[in-house]
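Inspection log for the structure reproduced underneath, given as structure tokens.
Laboratory data are not the source of any read-out in this text; all were calculated from the coordinates shown. Quick caveat: nothing in here was measured; it's all calculated off a predicted structure. Every residue, glycine as well, gets a Cβ built from its backbone with ideal geometry; the counts of neighbours run over all protein chains shown.
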Amino acid sequence: MTNTPANEYVQSIIKGFEIDSDLLKKLTSKYIESMDNGLSHSSGGKSHLPMIPTFITKLPNGTEKTDILACDLGGTSFRCLYIKLKGNSKFTTEMKKWEIPSDYLAEEGADLPENAFFDYLANKIVSFVQYHNSNDENKDLLSTKKNFNLGFTFSYPVEQTALNAGNLIRWTKGFEIKSVVGKDIVELLQKSIDNKLNSVDPEKYPFTISCVALCNDTTGTLLSGAYTSTYDSQDIVDPIMSIICGTGFNIAYMEDLASCTKLTEEQVSTIKTKDVTEMCINTESGSFDNELSVLPVTQYDKIVDEESTNPGYHLFEKRISGMFLGEILRLVIVDLIQKEFLLEPKPSKKQYTHKFSLKTEVLSHVEIDDSKDLKQTELYLIESLGLRTTTEQRHYLQQITRAISRRSAYLVSVAISAIIIKSGRLDPKSSKYKYHQELEVCCDGSVVQYYPGYKSMIRHGLSLGSLGHEGERRVHISMALDGSGLGAGLAALTASK
Ligand code: GLC
């Protein structure tokens with residue numbers, strides 16, 4: 001590349017996204033400290049990770065055999081599932097999915113009353129169960145109303161107080177319904193379900209539905225990974241953590257109960273009666289270093305945060321997840337246009353000025369474009385932003401894209417390294433250490449699943465950082481099977497044990 005002002009500026013942008021080995025190690029130490037503090041402090045606050053106890057104290061082993069009902073609220077859709085566990089790590093599902101109407105999302109839904117959204121969800125759940133129940137061959141044999149235990153995947157930060165109770169700390173991703181913040185999510189859903197079931201002739205619905213488990217998508221992914229990976233497996237043991245890296249980013253893992261010092265005595269005594277030693281923790285990893293004491297900050301990160309629905313929070317996620325990677329690149333492009341290093345599109349083609357108009361999927365095409373003169377990139381930029389570019393400019397944008405995605409994957413590697421180190425899996429003196437044990441990390445989410453080279457970049461970050469090459473080679477990154485759906489069902493199952 002020639003040493004032009006444009007090239008110099010682009011290289012300075014790329015530098016801003018770089019994370020070297022020292023910084024990886026520093027971030028990992030800070031992450032461990034933040035986990036420790038989170039285990040002893042309440043889940044709100046900025047100075048530590050939320051580390052939310054989930055009240056899931058045992059992972060399934062794949063031999064479970066039963067039918068379960070689950071529902072899953074994702075960033076833009078809602079699903080109901082009827083799952084048949086076959087008892088051999090296999091399962092089948094009957095599923096229905098709805099796109100969430102925009103009335104409930106972002107600013108449009110901000111001032112809705114607390115029941116509005118849950119009434120919408122309850123209608124879907126009841127109609128799904130009714131449909132399922134009407135096809136149930138055994139229904140005529142039942143003299144009393146059949147009860148369906150429901151597991152609910154709700155992938156937002158919740159201060160969980162029991163397996164089936166938890167107050168919303170704040171919305172993340174696309175929702176903003178203010179009246180729901182601070183309220184018990186299960187109570188709201190159960191109230192809406194009961195109202196729906198009782199609103200008509202009692203004969204119409206010959207069943208009841210009890211929401212027995214509230215589950216984050218990462219928790220669900222850990223449960224689903226444990227159910228599906230055990231049976232028949234030769235050398236892979238239970239997953240040690242689960243990661244979601246899609247619209248949002250988060251991690252769950254099993255922690256020693258004795259380390260969860262923020263649990264009240266009463267909570268511990270009820271759990272202890274079941275003879276358990278561990279609990280699954282929803283780390284709410286997206287909230288790491290909200291104080292920005294170690295995390296690198298570019299001018300683009302600042303804008304992404306300011307324009308988000310939760311400024312000042314989930315700053316780690318805003319550097320990692322699919323919801324934000326496209327927006328970071330769009331803001332770089334806006335900057336390059338303002339500096340006149342890129343040509344401003346015609347007034348009729350101003351998509352580039354629209355927030356969140358550049359999808360992370362476009363970055364995944366730019367990332368691996370090896371066509372002559374980056375023709376593919378050219379087409380994607382015209383189509384998504386109305387931006388016309390020269391070959392040289394496209395090379396700049398490809399380098400920047402790669403810097404943004406590499407930073408994202410390296411930051412994920414920080415969280416993985418921290419959890420592995422904290423849990424003593426690589427320390428021969430720890431009881432968790434097992435000779436030659438592979439450390440399975442099960443994942444779900446569009447970025448980790450589809451972004452080209454993402455898993456390799458995570459591995460690179462692992463070996464460059466605190467795990468070093470020896471630690472990195474033990475890590476096995478696998479994809480989970482429908483963590484949020486199957487996982488919610490498995491969580492409901494733990495309630496009935
Ligand atoms: C956001 C949510 C978290 C969820 C993650 C992945 O970070 O706060 O609860 O697990 O997205 O969907």
With θ taken as phi - 60° and the coefficients 6.51, -1.76 and 1.60, list the Karplus ³J(HN,Hα) couplings across the range 199-215 in order, rounded to whole Hz; mark glycine and proline as x.
6, 10, 3, x, 5, 4, 10, x, 7, 10, 10, 10, 7, 9, 8, 10, 9
Put one equal scatterer on each alpha carbon of the chain, apply the Debye formula with no solvent term, and list log10 I(q)/I(0) at q = 0.09, 0.11 1/Å to two decimals.
-0.65, -0.94
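Can you work out the FRET efficiency for the pair residue 115 and residue 95, with r the C-beta to C-beta distance and R0 = 25 Å, to the nearest 0.05?
0.45
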So what is the 222 nm mean residue ellipticity for the chain from helices alone, if each DSSP H run of at least 4 adds -39500 (n - 2.57) and you divide by all residues, rounding to the nearest 500 deg cm²/dmol?
-13000 deg cm²/dmol
Give me the one-decimal nm value for the distance between modelled label points at residue 11 and residue 187, 7 Å along each residue's Cα-to-Cβ direction.
6.0 nm
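Given DSSP loops and a limit of at most 10 other Cβ atoms within 10 Å, what is the longest stretch of the chain that contains no such GluC sites (Glu not before Pro)? Before the final figure, lay out each step's value.
Values: sites that count: 137, 203, 340.
Counting at most 10 other Cβ atoms within 10 Å as exposed, the longest clean stretch of the chain is 341-497.
Label the range 321-381 by shape, choosing from rounded, prolate and oblate, from the square roots a ≥ b ≥ c of the eigenvalues of the Cα gyration tensor; if a/c is under 1.5 it is rounded, and otherwise prolate applies when a/b is larger than b/c, oblate when it is not.
Working: a/c = 1.78, a/b = 1.16, b/c = 1.53.
Oblate, because a/c is 1.5 or more while a/b does not exceed b/c.
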Describe numerically, in nm with one decimal, the distance between label points set 7 Å from Cα along Cα→Cβ at residue 340 and at residue 446.
3.7 nm
Place a point 7 Å from the Cα of residue 399 along the Cα-to-Cβ direction; which residues of the range 1-41 have their backbone N under 19 Å from it?
1-20
Please list, or write none, the lysines whose alpha carbon is within less than 27 Å of the alpha carbon of residue 65, excluding same-chain residues fewer than 8 places away.
84, 86, 90, 96, 97, 124, 139, 145, 146, 272, 274, 497
What range in the chain is the longest one free of chymotrypsin sites (Phe, Trp or Tyr not before Pro) that are in a loop by DSSP and have at most 15 other Cβ atoms within 10 angstrom?
1-230
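Given 0.36 nm per residue, what is the gain on full extension from residue 349 to residue 88 after removing their alpha carbon distance, in nm? Please list the in-between numbers first.
Details: separation 261, 0.36 × 261 = 93.96 nm, distance 5.50 nm.
Gain on extension, residue 349 to residue 88, equals 88.5 nm.
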Taking H as built 1.01 Å from N, whose amide H comes closer than 5 Å to the amide H of residue 241, not counting residues under 5 places away?
442
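Would you list the membrane-span-like helices of the chain, meaning whole DSSP H runs whose alpha-carbon atoms span at least 18 Å along their axis and whose mean Kyte-Doolittle value is at least 0.0? Working shown, then result.
Numbers: long enough: 5-17 (19 Å, -0.05); 21-40 (29 Å, -0.49); 114-134 (31 Å, -0.17); 185-198 (20 Å, -0.11); 217-230 (20 Å, -0.09); 322-338 (25 Å, 1.53); 391-422 (47 Å, 0.12).
Counting only whole DSSP H runs, the qualifying helices are 322-338, 391-422.
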Would you grab the residues whose amide H sits under 5 Å from the one on residue 56? Only those 5+ places off in sequence or on another chain, please, with H modelled 1.01 Å from N.
280
Could you tell me whether the range 34-138 comes out rounded, prolate or oblate from its Cα gyration tensor? Rule is a ≥ b ≥ c as square roots of the eigenvalues, rounded for a/c under 1.5, then prolate if a/b exceeds b/c, otherwise oblate.
oblate
Per the 1/(1 + (r/R0)^6) rule, R0 = 22 Å and r from the Cβ atoms of residue 106 and residue 306, FRET efficiency to 0.05 is 0.90
For residue 214, which sequence-distant residues (separation of 5 or more, or a different chain) have an amide H within less than 5 Å of its own amide H, given hydrogens modelled in the peptide plane?
152, 164, 165
Cα gyration tensor category, rounded, prolate or oblate, for the range 1-76 with a/c compared to 1.5
prolate
Distance in nm between label sites at residue 133 and residue 299, each 7 Å beyond Cα in the beta-carbon direction?
6.0 nm
Calculated FRET value between residue 258 and residue 61, using beta carbons and R₀ = 22 Å, to 0.05:
0.40
Whole-Å distance linking the alpha carbon centroid of the range 1-34 with that of the range 323-355 is 22 Å
Stretched out fully, how many nm does the piece from residue 32 to residue 276 gain, at 0.36 nm a residue minus the Cα gap?
85.4 nm
Contour minus end-to-end for residue 430 and residue 267, with contour as 0.36 nm per residue of separation and end-to-end as the Cα-Cα distance?
56.0 nm
